[in-house]
Number of protein chains: 2
Amino acid sequence: MSREHKRRGRGQSRTIAGIQQQAWKQPRNLYSPFEIASADQIEALHENSLRILAELGIAFLDNEALDILKEHGAKVNYSTKMVKFSPELIEEYIAKTPSQFTLHARNPKHNLEVGKNWTLFSMVASTPNCSDLDNGRRPGNFKDYQNLIRLAQHFNVIHMTGGYPVEPIDLPANTRHLDCAFTHLTLTDKVFHAYSLGKQRIADSIDMLCIGLGLTRKELKHKPSLISIINTSSPLRLDGVMIQGMLEMIRNGQSVCVTPFTLSGAMAPVTLAGALSLQNAEALATLTFTQMAAPGSPVIYGGFTSNVDMKSGAPAFGTPELAKSTLIGGQLARRYGLPYRASNVNASNTVDTQAGYESMMSLWPTIQSHCNFVKHAAGWLEGGLCASFEKVIVDVELLQMMSAFLDGPSFSADEMAFDAIADVGPGGHFFGTQHTLDRYETAFYPPVL
Amino acid sequence: MSREHKRRGRGQSRTIAGIQQQAWKQPRNLYSPFEIASADQIEALHENSLRILAELGIAFLDNEALDILKEHGAKVNYSTKMVKFSPELIEEYIAKTPSQFTLHARNPKHNLEVGKNWTLFSMVASTPNCSDLDNGRRPGNFKDYQNLIRLAQHFNVIHMTGGYPVEPIDLPANTRHLDCAFTHLTLTDKVFHAYSLGKQRIADSIDMLCIGLGLTRKELKHKPSLISIINTSSPLRLDGVMIQGMLEMIRNGQSVCVTPFTLSGAMAPVTLAGALSLQNAEALATLTFTQMAAPGSPVIYGGFTSNVDMKSGAPAFGTPELAKSTLIGGQLARRYGLPYRASNVNASNTVDTQAGYESMMSLWPTIQSHCNFVKHAAGWLEGGLCASFEKVIVDVELLQMMSAFLDGPSFSADEMAFDAIADVGPGGHFFGTQHTLDRYETAFYPPVL
């Protein structure tokens with residue numbers, strides 16, 4: 001047999017087998033959340049946030065929003081656009097948020113629960129570049145965009161996409177969202193995300209979603225199926241395009257995740273308590289606004305408070321500070337009965353040891369914070385500047401490991417294995433005992449890599 | 001300036017600055033332990049272990065040990081060497097163990113607390129090979145042994161050595177322990193470990209330790225300064241040389257850590273509950289024996305229940321199964337009021353992404369289990385077949401990150417940063433504000449790498 005033939009032979013058999021992966025399943029976290037702040041400390045953060053909103057306020061850079069806020073009892077200054085909230089106003093409207101909702105996918109088997117102890121993993125999003133070992137690093141483009149969506153569809157442990165996995169900058173900016181929504185509606189049947197860059201883009205995405213799901217806008221209103229991330233322009237500011245996109249989302253019954261962009265040392269105080277107070281203030285103000293504009297809207301509390309490297313000013317991820325803020329962010333979200341979003345992020349420039357340990361330094365606290373929506377769960381590299389095809393595969397391994405970790409151990413009599421221990425006796429081995437033979441194929445998590 | 005000169009210039013300045021590292025500090029874990037088994041499930045494991053010891057027994061391959069066990073009420077079969085324990089006997093002697101003790105170093109500043117919420121990180125141990133990028137992979141030898149000890153002494157976050165970081169197989173086996181103890185007494189002033197390979201080797205190490213500390217054997221007896229790992233020869237067997245070494249240790253007031261070698265699927269049942277029951281049974285029997293032979297001996301409960309890869313039979317580390325067993329092992333140790341040992345281990349063959357994420361998959365649960373003695377904390381590679389110089393440095397980063405994570409966040413009024421947030425206002429940045437300038441040098445963990 002020729003060498004060429006042999007090689008093809010091996011290649012084919014690998015292709016046929018494919019990558020063995022876990023079956024589709026949305027994990028539930030039945031373990032207790034891991035909490036590092038006391039109830040008193042959480043209340044202190046809460047009080048500090050309310051004080052920020054009552055005494056300093058936050059800028060809403062959109063007159064329609066200012067009208068809504070004023071109408072519902074906030075103190076509005078139209079010339080500075082600053083809005084102040086009384087603590088009672090915040091408490092009143094935050095109480096209207098649902099603690100759990102369903103995100104509907106084109107394939108109902110891929111519907112997702114958001115909230116309580118449900119977890120979901122979403123694909124990397126919003127990177128300007130992408131890379132793989134064969135073709136190197138390149139600016140985002142439509143072909144890679146499509147391939148990354150295909151990967152997200154392929155792996156069961158990636159439960160949805162969370163935006164454009166890479167920005168397809170070769171498409172015209174004014175129609176890009178149409179091509180992207182079309183891709184989402186044709187190359188994946190999982191839940192997807194639309195960017196809140198003004199009202200029209202969201203309206204277009206919703207219209208296309210209605211076609212894809214075979215629903216009218218009226219019907220869609222009762223089926224949250226689209227999600228959009230609302231980033232504040234920290235500190236203390238919410239942009240007009242974000243607001244207009246958000247309004248179009250929630251008025252059509254769709255879900256938004258409010259994530260303040262409070263990097264400690266840059267857009268937020270250099271102290272964790274200060275940065276988390278700012279994160280919390282901005283999230284509470286924006287979420288309060290959603291419930292004024294559309295009471296009961298399905299919303300998520302987003303945490304993204306990492307720190308910057310104080311030597312370079314560059315964002316750092318997978319740091320001890322991010323670990324703490326992720327865990328405390330979860331405590332704050334639970335304080336309000338809100339679903340919680342955090343991320344699997346790192347600042348490494350390639351898929352190396354650092355990428356491995358920084359990702360885990362993000363992912364462990366994310367899981368343990370009872371995060372409901374794990375964003376950037378697969379493929380994030382370079383602090384978000386690059387979507388890496390190899391990192392997608394590495395992250396599939398990490399996410400499957402976490403999913404297996406969340407399968408709590410069984411303590412049934414059979415699993416206690418007294419009889420097997422008696423059978424094998426001192427100095428023997430368990431490889432060949434019936435107890436092992438009955439279980440060896442599924443007893444342990446089988447690594448992909 | 002010549003290129004050569006320039007290069008030397010840069011090299012020198014790096015040498016002068018050195019690696020910035022954390023100051024010496026033994027971390028305390030003030031967070032709650034993370035527990036994944038219920039109290040009932042822990043009791044079920046406990047009961048299953050007691051049943052194993054009462055009905056099946058465990059082999060002690062040493063007649064002196066059998067005499068001690070018989071004398072103290074265990075049921076001994078001298079022909080099979082099998083020893084059975086009543087539940088009451090186990091409970092009675094386990095109750096004699098101290099829940100905390102001090103390990104004394106040659107430099108008293110490096111004394112270590114073992115137990116309660118104290119944590120300590122110990123160097124990789126017992127690998128047959130070592131490697132670095134410059135010189136490749138090679139069998140263990142005395143020069144590398146010495147250099148690894150120097151590294152352990154250099155880094156403050158490595159609190160002690162935990163055995164030979166690499167086996168110096170170029171030294172004659174019968175005197176190797178003397179050279180190794182001499183190295184420990186001269187190249188490091190931190191606590192060290194001696195192997196329980198029979199009575200004589202331990203006796204020699206204790207004699208040398210007495211010289212090093214300037215103490216008599218009688219004085220040493222009240223100053224635990226040496227530690228030895230006692231591995232059972234799972235399943236259900238304890239070797240004679242281990243027993244004789246252990247007896248010499250505890251009769252001289254020195255500490256032992258009993259770690260059953262219960263790899264699930266190989267030397268222990270393929271189920272987690274079965275493997276943990278066996279681990280617990282073997283640990284309880286051996287620890288009970290220590291308290292019969294020398295009541296009040298400073299002892300540690302060791303957990304090392306990972307799984308094997310069922311395709312190859314090779315030990316796997318950094319798996320979801322190890323994460324669960326590490327956490328439950330901590331719960332069992334706390335059930336008995338015993339200090340707990342776990343490990344920072346991985347099965348990767350080089351310092352790559354896998355080494356990074358598998359280490360973290362071991363280290364996070366280790367920290368969260370309230371592990372008191374983190375063995376193989378720096379330098380472990382290839383499932384323990386290799387000590388890697390580069391992995392030592394990577395692990396120093398991970399351990400320092402964990403140490404920084406264990407520094408709980410402050411919620412003082414100053415850290416809440418209300419005034420700084422007011423100063424900066426909407427849309428500003430925090431890089432130049434006084435609140436940042438006062439803190440930026442120490443606010444965040446500074447990475448080594």
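The values are calculated or read from the model by the stated rules, or taken from the named source; none is laboratory data. Note that the coordinates shown come from a computational prediction; the quantities given were computed from them, not determined experimentally. Ideal geometry is used to build each Cβ from the backbone, glycine not excepted, and the neighbour counts take in all protein chains shown.
Couple of notes before you dig in:
- The set of residues in region B:422-436 that are more than 7 Å from chain A (Cβ to nearest Cβ), surrounded by fewer than 18 Cβ atoms within 10 Å (Cβ to Cβ) and under 44 Å from the mean Cα position of the chain (by Cα) comprises B:GLY432, B:GLN434.
- Candidate set from region B:381-403 (those that are touching an Asp or Glu at 6+ places or on another chain (Cβ under 8 Å) and not charged (D, E, K, R)); member that is nearest to B:THR350 (Cα to Cα): B:SER388
- Check on B:ASP189, out of contact with any Pro (no Cβ under 6 Å at 6 or more places or on another chain) and without any contact (Cβ under 8 Å) to a residue 12 or more places away in the chain: no
- Members of region B:387-413 that are more than 13 Å from chain A (Cβ to nearest Cβ) and under 17 Å from the mean Cα position of the chain (by Cα): B:ALA387
- For region B:54-78, a residue qualifies if it is away from chain A (no Cβ under 11 Å) and either part of a strand (DSSP E or B) or crowded, with 22+ Cβ neighbours inside 10 Å (or both), and the qualifying residues are B:ALA65, B:LEU69, B:ALA74, B:LYS75, B:VAL76, B:ASN77.
- Failed item in (1) surrounded by 23 or more Cβ atoms within 10 Å (Cβ to Cβ); (2) within 19 Å of A:PHE389 (Cβ to Cβ), with A:VAL191 passing the rest: (2)
- Restricted to region B:217-318, the set of strands (runs of 3 or more DSSP E) holding at least 1 residues that are away from chain A (no Cβ under 14 Å) and aromatic (Phe, Trp, Tyr) comprises B:299-302.
- Given (1) in contact with a Gly (Cβ under 7 Å, 6 or more places away or on another chain); (2) farther than 17 Å from B:SER228 by Cβ, index of the condition B:PRO165 fails: (2)
- Residue count, region A:437-449 (criterion: more than 7 Å from chain B (Cβ to nearest Cβ) and either among the small types (Gly, Ala, Ser) or in contact (Cβ under 8 Å) with a residue 12 or more places away in the chain (or both)): 3
- The conditions of being surrounded by 17 or more Cβ atoms within 10 Å (Cβ to Cβ) and closer than 27 Å to A:LEU399 by Cβ are met by A:GLY212.
Residue by residue, here is whether (1) in the same structural domain as A:LEU385 (by TED's automatic domain parsing); (2) over 19 Å from A:CYS130 (Cα atoms); (3) of a type in the set (Val, Ile, Thr) holds:
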site	(1), (2), (3)
A:PRO168	yes, no, no
A:PRO172	yes, no, no
A:THR175	yes, yes, yes
A:ASP189	yes, yes, no
A:ALA194	yes, yes, no
A:LEU197	yes, yes, no
A:ALA203	yes, yes, no
A:ILE211	yes, yes, yes
A:GLU219	yes, yes, no
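- Residues located in region B:107-164, provided they are over 15 Å from B:LYS391 (Cα atoms) and either assigned to a strand (DSSP E or B) or of a type in the set (A, V, I, L, M, F, W, C) (or both): B:LEU112, B:GLU113, B:VAL114, B:GLY115, B:TRP118, B:LEU120, B:ARG138, B:PRO139, B:PHE142, B:MET160
- Flag for B:ALA422 being touching a His at 6+ places or on another chain (Cβ under 9 Å), of a type in the set (Gly, Ala, Ser) and at pLDDT 95 or above: no
Quick grid of which residues meet (1) modelled with pLDDT of 95 or more; (2) buried (at least 22 other Cβ atoms within 10 Å of the Cβ); (3) more than 18 Å from A:GLY212 (Cα to Cα); (4) in contact with a Lys or Arg (Cβ under 7 Å, 6 or more places away or on another chain):
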residue: A:SER131; (1), (2), (3), (4): yes, yes, yes, yes
residue: A:PRO139; (1), (2), (3), (4): yes, no, yes, no
residue: A:LEU148; (1), (2), (3), (4): yes, yes, yes, no
residue: A:MET160; (1), (2), (3), (4): yes, yes, no, yes
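- Scanning region A:244-262 for residues that are within 30 Å of B:TYR445 (Cβ to Cβ) and either surrounded by 24 or more Cβ atoms within 10 Å (Cβ to Cβ) or of a type in the set (S, T, N, Q) (or both) yields A:CYS257, A:VAL258, A:THR259, A:PRO260, A:THR262.
- Test set (1) without any contact (Cβ under 8 Å) to a residue 40 or more places away in the chain; (2) over 30 Å from A:CYS210 (Cα atoms) - A:THR326 fails condition number: (1)
- Test result for A:GLY337, within 13 Å of chain B (Cβ to nearest Cβ), within 18 Å of A:LEU120 (Cα to Cα) and among the small types (Gly, Ala, Ser): no
- For region B:319-331, the candidate set comprises residues that are under 20 Å from B:SER348 (Cβ atoms) and in contact with a Pro (Cβ under 7 Å, 6 or more places away or on another chain); within that set, the residue that is farthest from the other protein chains (Cβ to nearest Cβ) is B:THR326.
- Odd one out for A:SER362 among (1) buried (at least 24 other Cβ atoms within 10 Å of the Cβ); (2) at the interface with chain B (Cβ under 9 Å from one of its Cβ atoms): (2)
- Of the criteria (1) modelled with pLDDT of 95 or more; (2) closer than 30 Å to B:VAL396 by Cβ, which one B:GLU71 fails: (2)
- Top-ranked residue in region B:367-379 [being over 23 Å from B:CYS130 (Cβ atoms) and not hydrophobic (A, V, I, L, M, F, W, C); ranked as nearest to the chain's Cα centre (by Cα)]: B:ASN372
- B:GLU415 among the charged types (D, E, K, R) and at negative phi: yes
- Of the listed requirements (1) within 21 Å of A:THR319 (Cα to Cα); (2) part of a helix (DSSP H, G or I); (3) not β-branched (Val, Ile, Thr), B:ARG334 misses just one: (1).
- Cβ-Cβ distances below 9 Å connect the following pairs, each with a first residue in region B:77-94 that is on the phi > 0 side of the Ramachandran plot, a second residue that is of a type in the set (Lys, Arg), and a separation of six or more residues or different chains: B:LYS81/B:ARG237.
- Any hit, region A:426-434, residues being among the hydrophobic types (A, V, I, L, M, F, W, C) and more than 24 Å from B:LEU327 (Cα to Cα): yes
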